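Have a look at the structure below, then the notes.
Every number here is computed from the coordinates shown, using simple stated rules; none is lab data. All figures in this text were calculated on a predicted structure; none of them were measured in a lab. FYI the Cβ positions are ideal-geometry reconstructions off the backbone, even for glycines, and counts take in every protein chain you see.
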Amino acid sequence: MRLENIVVDARDPRRLGRFWAAALGADPITDEPGLFEARLPVDDYGAFLDLCFPRVAAPSTSPARLHLDLAGGARQREVVERLRGLGAEPVDIGQGDVPWVVLADPEGHAFCVMEERTAHRDTGPVAALPLDSADPARDAAFWAAITGWVPSAGSPSTLRHPSGRGPLLELCPEPAPKAGKNAVHLDVRPAAGEGDVARRLQDLGATAVTGPGELPWQVFTDPSGNEFCLLAAPDGRRLTAGA
């Protein structure tokens, strides 16, 4: 399996997707009224993350448990001004006096522009993906098992693509237990011929939210209740428990 998508619920996929494609320098690959997708290379050998913006009738208003930290570093002020020019706005989420800058995208999803950090070297435009967790060490082991990402930044609860490039996946102590649907989630895709991946996910601690159906993905939650989707294998086979 590999981590393939960062999915953000959208009322207007084109507007929101074009903002993020411009913000990150990602290449649009799908531009339709109901779905916008853009590709962000991770390394020089074909690894990538896709940013997906599907239309939803009523985006979740639950507290965010996954967001994007953008690389700012020495150019933090310049990056913030460029993002504001694209349509981002400052937002107060109770962050207080911190060295990073919190902005909201055109649909109100908060994200951060980070200060200089050694751990963010070679990440590209997305420095990190902080994900709330009831048990960061446990959940880091879960996500490492389903993505192939490895511990990084001197922390067992921080993962990174094995190339040493691309964003960090940071499992962070949750401020409160999960309540409601996440407006931002991750998708994983199995390799062709990988076997009963759905059963493997459940053996690792995932919970199936939806069963096999007409859609080419199945919804699970990680051990802390964060939604993610298992996509179809590249050969089109749906790998579900008992299949």
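Structure notes:
- Between Gln95 and Ala145, the contour length at 0.36 nm per residue exceeds the alpha carbon distance by 14.8 nm.
- In summary, the chain shows an alpha-carbon radius of gyration equal to 0.97 times the 2.2 N^0.38 Å reference for compact globular proteins.
- Rough spin-label spacing in nm, given labels placed 7 Å along Cα→Cβ, for Asp27 and Asp12: 2.8
- For Phe36, nonlocal amide neighbours, meaning residues 5 or more places apart or on other chains whose placed amide H falls under 5 Å from its own, are Phe53.
- Between Thr118 and Glu214, the C-beta separation translates, for a Förster distance of 35 Å, into a calculated FRET efficiency of about 0.15.
- Cα extents of the range 19-143 along the three principal axes, largest first (Å): 39, 37, 35
- Among 45-58, 3-16, 90-103, the order from most to least packed when residues are scored by Cβ within 10 Å on average: 3-16, 45-58, 90-103
- Seen through its C-alpha gyration tensor, with square-root eigenvalues sorted a ≥ b ≥ c, the range 136-243 comes out oblate because a/c lies at 1.5 or above while a/b is not bigger than b/c.
- DSSP bridge analysis restricted to the range 3-98 gives an antiparallel fraction near 75%, rounded to the nearest 5.
- Around the amide H of Asn182, modelled in the peptide plane, lie the amide H atoms of Glu227, all under 5 Å away and 5 or more residues distant in sequence or on another chain.
- For the range 20-25, 3J(HN,Hα) computed residue by residue from phi via the Karplus equation (6.51, -1.76, 1.60; θ = phi - 60°) reads 5, 4, 5, 4, 9, x Hz, glycine and proline entered as x.
- Phi angles across the range 90-101 convert, under the Karplus curve 6.51 cos²θ - 1.76 cosθ + 1.60 with θ = phi - 60°, into 3J(HN,Hα) values of x, 9, 9, 10, x, 6, x, 8, 10, x, 9, 10 Hz, Gly and Pro given as x.
- Amide H partners (placed H, <5 Å) of Ala47, local residues excluded: Val42
- Each label was represented as a point 7 Å from its Cα along the Cα-to-Cβ direction; for Ser62 and Tyr45 these points are 3.7 nm apart.
- Here the simple spin-label model places points 7 Å from the Cα toward Cβ, and for Arg75 and Val102 these points are separated by 2.6 nm.
- For the range 58-73, Karplus couplings with θ = phi - 60° (6.51, -1.76, 1.60), whole Hz, Gly/Pro x: 9, x, 4, 10, 6, x, 5, 10, 9, 8, 9, 9, 8, 5, x, x
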